[in-house]
Structure formats: structure tokens, C-alpha cells
Amino acid sequence: MDSKLLIDRRKGLVKQLKAKELIIIFAASVAKYPRNFLQDNNFKYLTGLDIPDAILVISKQKKPVMELFIERGIPEMEVWVGKKMIKEEVSKISGIEKISFLDELERKIGFYMGSSIKVYANLGYNNIDKPLNKQQDLIAKAKQHFPHITASDMTQIMIPLRSVKTKWELEQMQKAIDVTGEGIKNIMNKSKIGMMEYELEAILQYEVTRKGLQHMGFKPIIAAGGNAATLHYEQNNSQIGKDEMVLLDVGAACNGYSADISRTFPASGKFTKRQKEIYSEVLKINKKMIEMVKPGVGMKKLNEKTVDLIQKALIKLKLIKDKKDYRKYYMHSVGHHLGMDTHDIGARDSVLKMGNVITIEPGIYIPEEKIGVRIEDDILVTKTGYNNLSKNIPKEINELENLSS
Ligand SMILES: [Mn+2]
């Protein structure tokens with residue numbers, strides 16, 4: 001990634017800040033096994049760095065002041081865990097000029113706090129019965145020394161930046177979606193009655209790793225038969241039974257950007273009559289809702305329209321008589337913003353803008369019939385409408401019946 005892109009992002013952030021506002025962004029702490037290290041998304045967005053425990057400080061005075069604090073390498077430790085990045089490398093990747101060591105932070109933070117009236121940080125939320133996280137701990141301590149300062153979580157000022165995707169970001173998302181799609185197609189091709197759900201997960205993992213993607217965006221849901229009616233089923237350890245469909249809700253991540261795709265297909269390669277009825281209704285709703293996506297449309301409106309269509313479908317399928325009972329078979333909302341977080345920042349009541357990427361994922365879940373269907377696509381909001389980024393991943397009935405063996 002070009003450091004110029006990161007410089008633009010930080011400029012965008014500084015624009016969101018008022019004079020005498022300060023922002024302190026903490027990198028994630030080191031994981032036990034560094035290969036699984038997952039960076040804090042706000043830190044990664046603003047620095048491009050995958051180093052643990054660093055802290056970026058941006059202060060908006062007359063001119064913005066920016067300083068990044070990183071760990072100091074200890075030669076005796078580096079023999080075991082490998083070398084830490086040196087200041088020059090960090091500076092080259094991030095485009096940040098002023099790099100200092102973390103052991104200088106406590107002395108310097110007073111200077112930044114003293115000249116500020118408000119501080120934002122990636123504080124996160126945890127309940128009062130839990131210990132403070134490291135961000136909350138530092139801010140709490142600083143507030144004792146500088147009681148005039150108000151503190152706030154930084155999510156709100158990141159939304160306008162992170163919810164509008166740039167060309168580079170869309171390239172990462174498209175790659176994540178395409179690789180996920182290859183995995184899904186392989187699963188559909190290889191699935192058979194009698195296989196275990198985790199065997200299908202392994203097919204996906206193989207494809208993702210083989211293509212060089214390091215992480216899944218979230219833990220894959222591979223749910224056969226009645227398991228598909230449990231929305232967050234992730235045990236993936238059941239056997240696929242006769243006449244069962246499999247619901248996949250999966251997404252690889254590319255450079256931190258997640259895909260989020262759901263497909264439902266008959267493991268035997270043939271839908272039963274009832275499955276086909278239900279599947280067709282969900283597919284129609286999926287398509288109608290995708291067509292509604294354009295700038296100016298609110299997520300609230302998309303949700304209301306989906307509920308309306310689901311109610312009609314459930315009555316047609318003879319599942320309910322009174323439309324107010326629809327919640328028994330449809331319990332979630334139609335979609336969410338997608339990006340570095342699978343459920344990306346962006347308000348539930350947000351109005352769509354060009355450059356947003358959202359999911360459209362209607363579903364119908366009928367535990368008593370051991371059926372759950374969800375069809376989820378990833379949709380880019382364009383200038384006049386939408387572009388379905390996952391349009392190449394099969395979802396038509398004839399495609400699904402031909403794909404499976
Ligand atoms: Mn989703």
C-alpha cells in the first residue's frame with residue numbers, strides 16, 4: 001500500500017477534528033502467536049502498520065502535530081522473537097515523519113494533553129464489572145492530571161472516513177469476495193450427503209490460504225439442515241443428512257478488508273419441492289432489495305421494505321396467517337455496512353452514499369422443517385445505483401442444482 005494513501009486518510013481525519021482536539025490511537029496488543037496478530041482497525045486504517053502496542057498521537061493545534069510511538073527493540077529478546085521494526089521502516093510504510101519510542105510517551109503525553117480540551121481515543125466499550133482496557137486506563141490516568149479534558153470514543157469521527165471506500169479499498173474487498181466465491185464454488189462442487197460441516201469449512205480454508213489471504217473476516221458458519229435456523233451457529237461439526245440444504249455464511253479478509261457472503265444450496269444437488277418454494281421466495285427478495293440500493297436510500301427504508309416482502313412470502317408459504325407474526329421466521333435486519341469490520345462502522349439508520357459497501361441478506365428460518373435459507377451479497381453504492389460485487393457467486397436454482405454432485 002502506498003504511504004500517500006495513508007497520508008490522505010490522516011488528512012481526512014485532521015479535517016474532522018476541531019482546534020485543540022487530540023486523538024490517541026492504540027495499536028492492538030501482541031498475540032501469543034504473532035502469525036495470528038490482528039491489528040486494531042482504526043490504527044491500521046491510519047498507519048498501515050501491523051506492529052503491536054504502538055500509539056499514534058495527532059494533535060490539532062494551529063497546525064496538526066503527529067507523533068507515533070513504537071516499541072524499542074531489546075537485543076536479548078529479538079534473538080527469540082525476531083527483530084522489531086526500526087524507526088526508518090515504520091516511517092517508510094506509514095509516511096509518518098516523527099517516530100519515538102513508547103518509553104518516552106508518558107513524559108510527552110503531558111505536553112499534548114496540556115494544550116488540548118478534548119481527547120478522542122479508540123476506547124471501545126466494556127462493562128463496568130470488567131477491568132479497564134489499556135486505552136481507558138491511560139485516558140483515566142490522564143484525566144486525573146488534566147481534569148479540564150473531556151474524552152470520547154473515536155468511532156463517530158471515523159465513520160465518514162471508513163464508510164466511504166476508495167479505489168484501493170474496493171480492490172481489496174473485491175479480492176476477498178472473489179477468493180471467498182472460489183471457496184464457495186468448490187464447496188458446492190464437492191459437498192455430498194454424509195460429509196461433516198467441518199469438511200466443507202476445510203475446503204474454504206484451503207482455498208483462502210492457497211490464495212495468500214491470512215485471515216477470515218469472521219468465523220465461518222457452515223450449517224446443514226436445521227442448524228441453519230440458528231443464526232450464529234459456528235460449531236460446524238454435524239453430518240449432512242439426506243435431503244438437507246447447507247447454509248454458508250463466510251468471508252475471507254484481504255489486507256484487513258472482509259467479504260461477507262451467504263449461500264444456501266442442496267447438498268445432494270437437488271432441492272426438494274418445499275426447499276425450492278422457500279428458496280425462490282428468499283432469492284426474489286434478495287434481488288428486489290439489491291435493486292433498491294442507491295445513494296439517498298436509508299438503511300431504515302431497506303429494512304422496512306424487506307419486512308414487507310418477507311411478510312408476504314411467509315403468508316404465501318403458509319407459515320403465518322397474520323403478518324405481525326413474521327419475527328418467528330425472520331429475526332435479523334437486511335444488512336449492514338461492510339469493510340475492515342465485518343459489521344463495519346456506520347449507523348443503523350444511515351443514508352446510503354456513493355462509495356458505501358453494504359450487505360443485502362434476507363433470510364427465512366423454519367426450525368420445525370429443519371430449513372434455513374439466507375442469500376447474502378456485497379453491494380457497492382455507485383453514483384446512480386449499485387454494483388453487486390458478489391454477482392459471480394452462483395445463487396440461481398439451476399446453477400446450484402448443476403454445481404453440486
Ligand atoms: Mn452479513
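Residue 177 meets each of the listed conditions (1) closer than 30 Å to residue 270 by Cβ; (2) β-branched (Val, Ile, Thr); (3) touching a Lys or Arg at 6+ places or on another chain (Cβ under 9 Å) apart from (3). Selection of the range 250-273 for residues being in contact with a Leu (Cβ under 9 Å, 6 or more places away or on another chain) and among the charged types (D, E, K, R) yields 260, 263. Would you be able to say whether some residue in the range 312-333 is aromatic (Phe, Trp, Tyr), crowded, with 20+ Cβ neighbours inside 10 Å and away from the ligand (no atom under 16 Å from the Cβ)? Yes: one or more hits.
Scanning the range 43-90 for residues that are among the aliphatic types (A, V, I, L, M) and in a loop (DSSP other than H, G, I, E, B) yields a count of 6. Taking the criterion of being away from the ligand (no atom under 16 Å from the Cβ) and assigned to a helix (DSSP H, G or I), the residues of the range 217-258 that qualify are 225, 226, 227, 229.
Results for (1) at negative phi; (2) small (Gly, Ala, Ser); (3) not in a helix (DSSP H, G or I), shown as yes or no for each residue.
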position	(1), (2), (3)
290	yes, no, no
303	yes, no, no
308	yes, no, no
313	yes, yes, no
319	yes, no, yes
325	yes, no, no
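Note on the range 335-349: among residues that are within 10 Å of the ligand (Cβ to nearest atom) and without any contact (Cβ under 8 Å) to a residue 60 or more places away in the chain, the one that is farthest from residue 164 (Cα to Cα) is 335. If the condition is being under 23 Å from the mean Cα position of the chain (by Cα) and surrounded by 16 or more Cβ atoms within 10 Å (Cβ to Cβ), then the range 386-405 contributes 386, 388, 389, 390, 393, 394, 395. Consider residue 222 carefully, then state whether it is under 13 Å from residue 263 (Cα atoms), in the same structural domain as residue 339 (by TED's automatic domain parsing), more than 21 Å from the chain's Cα centre (by Cα) and buried (at least 22 other Cβ atoms within 10 Å of the Cβ). Against the criterion (under 13 Å from residue 263 (Cα atoms), in the same structural domain as residue 339 (by TED's automatic domain parsing), more than 21 Å from the chain's Cα centre (by Cα) and buried (at least 22 other Cβ atoms within 10 Å of the Cβ)), residue 222 does not qualify.
Return yes when residue 53 is modelled with pLDDT of 90 or more, surrounded by fewer than 17 Cβ atoms within 10 Å (Cβ to Cβ), within 23 Å of the chain's Cα centre (by Cα) and not assigned by TED's automatic domain parsing to the domain that holds residue 213 and no when it is not. Answer is yes for this residue.
Residues are listed down the side, and each one gets a yes or a no for (1) touching a residue at least 24 places away in the same chain (Cβ under 8 Å); (2) under 19 Å from residue 11 (Cβ atoms):
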position	(1), (2)
27	yes, no
30	no, no
42	yes, yes
68	yes, yes
77	no, no
115	yes, no
119	yes, no
128	no, no
138	yes, no
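The values are calculated or read from the model by the stated rules, or taken from the named source; none is laboratory data. This one's a predicted model, so the numbers in the text were calculated from it and none came from an experiment. When we count neighbours, we look across all protein chains shown, and the Cβ atoms used for this are built from the backbone with ideal geometry, even at glycine.
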